[in-house]
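Shown next, in C-alpha cells, is the structure this report addresses.
Bear in mind that the values in this text are calculations on the coordinates, not laboratory data. Values in this document were obtained by computation on a predicted structure and should not be read as measured data. Methodologically, a virtual Cβ is constructed for each residue, glycine included, from the backbone with ideal geometry; neighbour enumeration extends over all protein chains shown.
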Amino acid sequence: MTSNASKWANDDDEETAAALELRKREKEEKKRLKEEKARKAAAAAQAAEQSTSEGPTTEGERPSKRQRTSEEQNGPSEEGAHLLHFPSPKIGPCRHVDEYELLNNIEEGGYGVVSRARTKASGDIVALKKLKMHHTREGFPVTGLREIQILKACRHDNVVKLLEVVTERESKGPLSLHDTYLVLEFLEHDLKTLLEDMIEPFAPSETKALMLQVVSGVKYLHSNWIIHRDLKTSNILLNNRGELKLADFGISRYTGSPRPKLTTSVVTLWYRAPELLLGAQDYHFEIDIWSIGCIFAELLTTKPPFQGKNEVDQLCQIFDLLGTPTKQTWPSVTSLPNAKDLQLVLSEGNGRPSTLGLSKFPYLTTTGLVLLSSLLSMNPSGRPSAGEILTHMYFKEDPRPKAKAMFPTFPSKAGQEKRRRRASPQAPARGNAPKLDEAEDEGLFAGREDEERGAGFSLRLG
Ligand SMILES: Nc1ncnc2c1ncn2[C@@H]1O[C@H](COP(=O)(O)OP(=O)(O)OP(=O)(O)O)[C@@H](O)[C@H]1O
Ligand SMILES: [Mg+2]
C-alpha cells in the first residue's frame, strides 16, 4: 500500500513541478506581449498625431487594429487554416406542376396517376407521379415522404431518377395539402406490360441481362440499408436503350441492425415471401430476394409463379411448387406468429417434396434452376444476398447476358396511349416497328402528329 502511495506521489510531484514551470513561462510571455502592445499603441498614437491631414481621425485607429490581425498571420497561414464547410441542402418552395405540359396518362391507379409530360422549358419528356394524398387529415402521407427521401438519396443506374418534386398551384382548402407530384425520368416500359403482350418469353440472354440489372439495383439498395418491399414486374421500368430501373418506392424503408420490428402488410401478395405470409415482423433484405425469385420465374415463363387469391391460397400455391417446410429445412418456422394455424401442414413428417423442375422452365439450364431454387428458398437464411446472385455461374455460362445496345426495342404503350388491358393481347413484333393504330391516332393523338412517339421499334445492332 505504502509503496503504491509513494509511486503515485512521485508521479504527482513530477507533474506538479512541470505544471509550475509551464505556468511561470506563460506569465512571462503574457507580460512580454502586454509591453509590446503598449509600445505599439504609443507608436500608433504618435503616427496619428503626425498625419492628421492624411485621413479621418475616427478611422485613425483602424490600422493598429488591422496590424493586430496581421500579427495572427504569423501563426497558421490562410491556406493552412481551413474552415469546415458543411453542405446544406437548398430548401425552398417547390416549383409548380404547370412547368410541365401533360401529354398522356400512363397508369391510373385507385389513388394516384402516373402521366407522361413534357418540360415546357427544355422539351424533355418526363413521368409525373401524383402522390397518393388519402391521409390528408394526418398531414403529408408518410409513404410519400419516404418515397421522396429514398429517391432523393439514391443515385444508381438501376434506380429511377427523381428529377424534382412539384406541387399544384392552388390548394383546395385551408386544411388540404397541395397535390404533390414526383417528376421522374421517363422510361418507355414496365416489365409487366411487356410480358403481358409477349407470346414467347424473353430470350435467355435477355433474361440474364434484365436479371443482372434488377439485382444490381437491389444490391445498391441493400448496401444502403433500404428494403424495397414491393419488387414486382410492374415496378420495374425498361427504356429502349436496354436500361432497366427499379421504381415505386412507396412502401420502401430504411432498416438497420439489429433488425427493427416492421409491419407485415408489405409486398404485393404474389411476390410476398413466406415468412411475411407467416407473420414475421423481423424480416429483412431476404424478402426482396424472394420477390426477385418470383420475377425471375415470371421472366422465364411470362407469368408470375404464384397467383394466390388470398394469403392462405398464396401459401398453398408456394407449398405446391416448393414443397412444405419442415423443422429441418426451416428450424424457426414454428415460432412464426401464423405457423400455429399451419401446424397440420408442418407435421406431415418429411413434408411434401418440391416439384420445381426444368419441365416447368423449359428455357432454363440446370445452373439456372439451382439459382432459381435458391432465390425461392422457403427458409430466408437459405436465400443468397444480391451480391452473391451477381457472381452466380448462371450469368457466366452461355448464352452470355445480352449487351444493352443489342437489346430489342418494343412499342411503348406508356409513350403512346392510355393503357388499356385488351381481352386478347397481341404480341409486339420484336425488332419490327408496327404501324400505329390509325383510329387511336385520330382520337387520343389528334393534332399531335409532330409529338414525340416514344420508342423506336427497330433492333439496334450497334
Ligand atoms: N418513370 C416512369 N416512366 C414511365 N412510366 C412510369 C414511370 N414510373 C411509373 N411508371 C408507370 O406507372 C405505373 C405505376 O407507377 P408506380 O408503381 O410508381 O405507382 P403506384 O401508384 O405506386 O402504382 P401501384 O400502386 O399500382 O404499384 C408503373 O407500373 C409504370 O407503368
Ligand atoms: Mg407500382
Legend entry - Stretchable slack from K31 to A203, in nm (0.36 nm times residue separation minus alpha-carbon distance): 53.2 nm
Inset, instruction - Report the label-to-label distance for A41 and H96 in nanometres (one decimal), using points 7 Å from each Cα along the Cα→Cβ vector. - result: 6.2
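For each of W290, W225, W270, count neighbouring Cβ atoms within 10 Å of the residue's Cβ, then give the residues from fewest to most.
W225, W270, W290
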Legend entry - J(HN,Hα) series, the stretch 216-231, from Karplus relation 6.51 cos²θ - 1.76 cosθ + 1.60, nearest Hz, glycine and proline x: 4, x, 5, 4, 4, 4, 5, 6, 9, 6, 10, 9, 6, 6, 7, 6
Inset, instruction - Compute the signed sum of charges (Lys and Arg +1, Asp and Glu -1) over the other residues within less than 15 Å, Cβ to Cβ, of L182. - result: +1
Inset, instruction - For the stretch 225-262 and the stretch 380-403, write down the distance between their C-alpha centroids in whole Å. - result: 19
Legend entry - For F407, residues with placed amide H under 5 Å, excluding near neighbours: none
Legend entry - Förster-model FRET efficiency, 25 Å R0, S381 and E164, C-beta, rounded to 0.05: 0.05
Legend entry - Spin-label pair T119/K340, simplified geometry with 7 Å Cα→Cβ offset, distance in nm: 5.6
Inset, instruction - Equivalent ellipsoid semi-axes for the stretch 257-376, as square roots of 5 times the alpha carbon gyration tensor eigenvalues: give them largest first, rounded to whole Å. - result: 23, 18, 14
Inset, instruction - Please give the peptides 317-327, 244-254 ranked by average Cβ packing (other Cβ atoms within 10 Å per residue), highest first, as a rough proxy for protection. - result: 244-254, 317-327
Inset, instruction - Hey, can you grab everything whose amide H is under 5 Å from the amide H of L103? Only 5+ residues off in sequence or another chain; H modelled, so Pro and N-termini drop out. - result: R116, A117, R118
Legend entry - Positive minus negative residues near A121 (Lys, Arg vs Asp, Glu; Cβ under 14 Å): -2
Legend entry - Estimated inter-spin distance, K303 and R259, nm [label 7 Å along Cα→Cβ]: 3.2
Inset, instruction - Using Cα pairs closer than 8 Å and at least 6 residues apart in sequence, work out the relative contact order for the stretch 189-406, in percent. - result: 26
Legend entry - Entries of K120/K245; K232/K360; K161/K413; K161/K208; K152/K192; K261/K402 with Cα pairs more than 32 Å apart: K261/K402
Legend entry - Cβ-derived FRET efficiency at R0 30 Å, S223 paired with Q328, nearest 0.05: 0.40
